[in-house]
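Working notes, beginning with the structure itself.
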Amino acid sequence: KVDLRTAAFDYFLNETDLLAEPMVMERAELRQTELMAYFDYLTGLRNYAYFESEIKTEVARAKRYQTSLCLLLCDLDGFKYVNDSLGHRTGNDVLREVGQILQKRLRSSDLIARFGGDEFAVLLHRTDPENGLRVADNLCASIDAQFQVGPFGELPRPANGLLLLGVI
């Protein structure tokens, strides 16, 4: 029994030149491929590739509608020390935890991405620089507090005493 999808595929494959090299893919596999293309596997946040494609659109939108936009670039200070002294599994747990904190503390409309390694980027829509700094300070405090009393206990600090999260 031929259904509409099979007939359409047959038509485009055999009756037209529109499909040069078709590939049949299950929808679940397609969704998984899409997830891998735009989401960081470790944290579940958007990845660098997605962020790069979206930031241009968001900057253009902010200019067009004359709204403010704030970019936070985050780097986990002392993360190499955590990886080296406690192991990569603990480092991965820290990255996941930071990702969860960012998701909990920010609005769903804000774009949060893992840039790579221990770096994160946050795009705050309709946020002026003053409020952006306030958000950055709150994020630093939330993350620092989590790693002093959270599930990891107090993580070792680098010798210079930097907080775990620095916002540029």
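The values are calculated or read from the model by the stated rules, or taken from the named source; none is laboratory data. Treat the numbers as computed from the prediction; the structure is a model and nothing was measured. Glycine also receives a Cβ, built like all others from the backbone with ideal geometry; neighbour counts cover every protein chain displayed. For accessibility, only protein heavy atoms count, side chains too; no ligands or nucleic acids. Shrake-Rupley method; radii C 1.70, N 1.55, O 1.52, S 1.80 Å.
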Set Leu4, Leu69, Leu42: member being at pLDDT 85 or above, surrounded by 15 or more Cβ atoms within 10 Å (Cβ to Cβ) and aliphatic (A, V, I, L, M): Leu69
Some residue of region 145-160 being at pLDDT 90 or above and assigned to a loop (DSSP other than H, G, I, E, B): no
Filtered residues of region 102-128 (kept if of a type in the set (Gly, Ala, Ser) and surrounded by fewer than 16 Cβ atoms within 10 Å (Cβ to Cβ)): Ser108, Ser109, Gly116, Gly117
Of all residues in region 80-96 being closer than 19 Å to Asp144 by Cβ and open to solvent by 30 Å² or more (accessible area, probe 1.4 Å), the one that is farthest from the chain's Cα centre (by Cα): Ser85
Helices (runs of 4 or more DSSP H) wholly inside region 1-94 containing at least 2 residues that are within 20 Å of Phe120 (Cβ to Cβ) and in contact (Cβ under 8 Å) with a residue 40 or more places away in the chain: 48-65, 79-86
Which numbered condition Glu58 fails, given (1) farther than 30 Å from Gly91 by Cα; (2) in contact with a helix residue (DSSP H, G or I) (Cβ under 9 Å, 6 or more places away or on another chain); (3) surrounded by 14 or more Cβ atoms within 10 Å (Cβ to Cβ); (4) not β-branched (Val, Ile, Thr): (2)
Top-ranked residue in region 78-130 [being under 20 Å from Arg46 (Cα atoms) and among the aromatic types (Phe, Trp, Tyr); ranked as modelled with the lowest pLDDT]: Phe115
Selection status of Phe9, among the aromatic types (Phe, Trp, Tyr) and either under 26 Å from Asp144 (Cβ atoms) or buried (at least 16 other Cβ atoms within 10 Å of the Cβ) (or both): no
Check on Ser53, open to solvent by less than 100 Å² (accessible area, probe 1.4 Å), over 12 Å from the mean Cα position of the chain (by Cα), more than 25 Å from Gln146 (Cα to Cα) and among the polar types (S, T, N, Q): yes
